[in-house]
1. Quick check on the range 287-376: what are the equivalent-ellipsoid semi-axes from the Cα gyration tensor, as sqrt(5λ), descending, whole Å?
2. Taking the highest mean first, how do the peptides 270-279, 855-864 order by number of other beta carbon atoms within 10 angstrom per residue?
3. Fewest Cβ neighbours within 10 Å first, please rank 681, 464 accordingly.
4. Per-residue counts of other Cβ atoms within 10 Å, averaged by peptide: what ranking do you get for 568-575, 548-555, highest first?
5. Note down the nm distance, to one decimal, between modelled labels 7 Å out along Cα→Cβ at residue 883 and at residue 192.
6. Debye sum, Cα scatterers, the range 177-284, no solvent: what log₁₀ I/I(0) at q = 0.23 1/Å?
7. Between rounded, prolate and oblate, where does the range 1-120 land on the alpha carbon gyration tensor, with a ≥ b ≥ c its root eigenvalues, rounded for a/c under 1.5, else prolate if a/b exceeds b/c?
8. Based on DSSP, what percent of beta bridges with both residues in the range 1-111 are antiparallel, to the nearest 5?
């Protein structure tokens, strides 16, 4: 590791001790140690206000038109004690980093330039609570398909009106799919919406138009002028300033920047809209989002539908083997138009928002028709390649096309937007790490060094697409990223058969993303989103199939998530934030957004205390009518008022916090004592209760490494962790004379000394060992089914000394580090057998510290290995035993085979 800079490359100031550097392709602390930042997105629930899940149509449009509601109390309730419970759980799982989604709507929902400072101040309070628990946070300006009001999340309602759109006709024109109006606005059945249908909106007219105007309105829609500015500048300036105001508020708090809030992501998963489409008459093959599922119009057909013209379009399904054509369907809007009627803006002025539209922008008519792309009367498309060339506004003749350059969305439009965003954020947060997030799977473009300022990370997203869309962990998969990047000549070459091949392919794909980072410079990579759906196989784990016999069995989800997170281990050694943790997730509606169900935890998975208090027994009616009726009943019992934010009614079950779960039939329902630790008997009980596939995501990893971790391996079946570290002379850490740190990887004093100082305790490599894998038998307590009670390390292939160095007993009763998680009453011990190839180690709570020699200048590099296994073999709980199949039980008894 090169020497950490003496001054910040962004400001020229001396960095504080807790500073996170971005050098040599890694996150690095002030000791010079390589950091892995691993955590979760907190939270998917922040996509909408309290009490407004995506399936709820009642009051949806009326609230939007009246200015919307506050997002206060997102993502956590600070007033009832539940926030402490959730954050303690996240820290106990081993997470040290949070990606913190905030939507533009949350900041500016009432109208242009009207900011919700009350929500911003609440956000500051939540961030301070996150700081108490030792989290590093990077802010996420989140969106999906533009806005809640066109089927996703992000922009406020008024942006649709500003673009001349009437969202009340979205469903009729199929300009976007709305969960709460699916399949028909007058007869919705939101529980029936197919998985990932929301993502098809990236290929529908409303989001395509909105993103095109946002990124490229000046070139492709020059007539769209509002308040004297092109719609591109109008939208971008409001978006950037809204988040700039939030950044100002966080700065003015005085105690959050750099120690807690370390940086800012750029716009989540930006879409190119129509920019770059080669032919509006066909469905493109190389656009960023081409999921074919359900009725799938071409862009030209979408234009006609938007003006109320009936169209016969292709109909598709998506199964285990990908998209399949099902024939055609006819969509008839019956004359209803996507475009706002001119009467909504008398004299060109909006009566609520006050903007004045330019004279060349005619309401009620498709804006692309107004720019000569197609003719409304005939439906004929005159310029099918209008969005292909730059600048399209010149209306070049066919003979001139050879001289026109094709647009490149990322470099021509996304990059200039990012520069404007980064400059505004840096005004408020000079030392911010900019997490640069281009469109999904797109390589980042080179960006100016002055804007990166040496404080940058490449922010990529990765999902196992087949598992995400099919909701099944398959025996085959495909190298999707390799296909996109031209690695294969045919799709068949990208096919991966068997779990081993799939796991290797996922790791290879994340390796490709890591290799993109050097385009920006010598910066690290953060996988900003990664995760799996928990409602697999018709929600069998919820007890909704096979008479309920699979209830609580998340073994398939564990295999799928372990494969994805294992891909970040190995030689990749990547930081990541998993999507997502939703405090209000429930089985019937998932994360309360478009039927997504990716939360690591759910109140519906809490263990019953006393009689089973589950509201949904196996095999019951799961229709929309039944679920919405239950929702209305819960809401009628849970109307809540907060000072200054007005009244609202939390949606189904726990919209506000766990305390809002309706009372159960017995005195010990799942909501009992949920805001205190009295519900749980041990740390193991606390960390596993309500968690789903917890053994996959609460995994050991090197928090801070002296040197570079070159191989990270974790075998869930054996509860065995193996780390190989390469150490060079330049990796000699900087020691600090200070009190014990409260957060691994974070110094707490500015008193420096060198590694050679005999009075200094050199900074060690720090490894997190999760309780869910390494807890002693007494920590597991009555939940334990079986432990071998003997060392079974199975590490004959480990390159370790025959006589391992053991610093002290591998079982400890010492608790977590001195931060408020969890309370001392729940602190129990680990049972870890540790073998190292060199050096000494000690175990303090869930943190293993390891010291080893660093080569002197001129000496060759060294490699060291550590192996940690649970003494007594892997933990098998009574719950896991219930779901083990016959072969798995026989293999466990034999101890020499495993189920793939």
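Every number here is computed from the coordinates shown, using simple stated rules; none is lab data. Since we're looking at a predicted model, the values are computed, not measured. Note that we place each Cβ from the backbone using ideal geometry, even for glycine, and neighbour counts take in every protein chain shown.
1. Details: eigenvalues 227, 39, 31 Å².
With the √(5λ) rule applied to the range 287-376, the semi-axes are 34, 14, 12 Å.
2. Values: 270-279: 23.1, 855-864: 12.3.
The peptides rank, most packed first, as 270-279, 855-864.
3. Details: 681 16, 464 26.
Ordered from fewest to most neighbouring Cβ atoms within 10 Å, 681, 464 come out as 681, 464.
4. Numbers: 568-575: 21.5, 548-555: 18.2.
Peptide ranking by packing, descending: 568-575, 548-555.
5. Label at residue 883, label at residue 192, 3.0 nm between them.
6. Values, matching the q order: -1.14.
7. On the way: a/c = 3.10, a/b = 1.94, b/c = 1.59.
Judged from the Cα gyration tensor, the range 1-120 comes out prolate (a/c at least 1.5, a/b above b/c).
8. On the way: 5 of 8 bridges.
Of the beta bridges lying entirely in the range 1-111, close to 60 percent run antiparallel.
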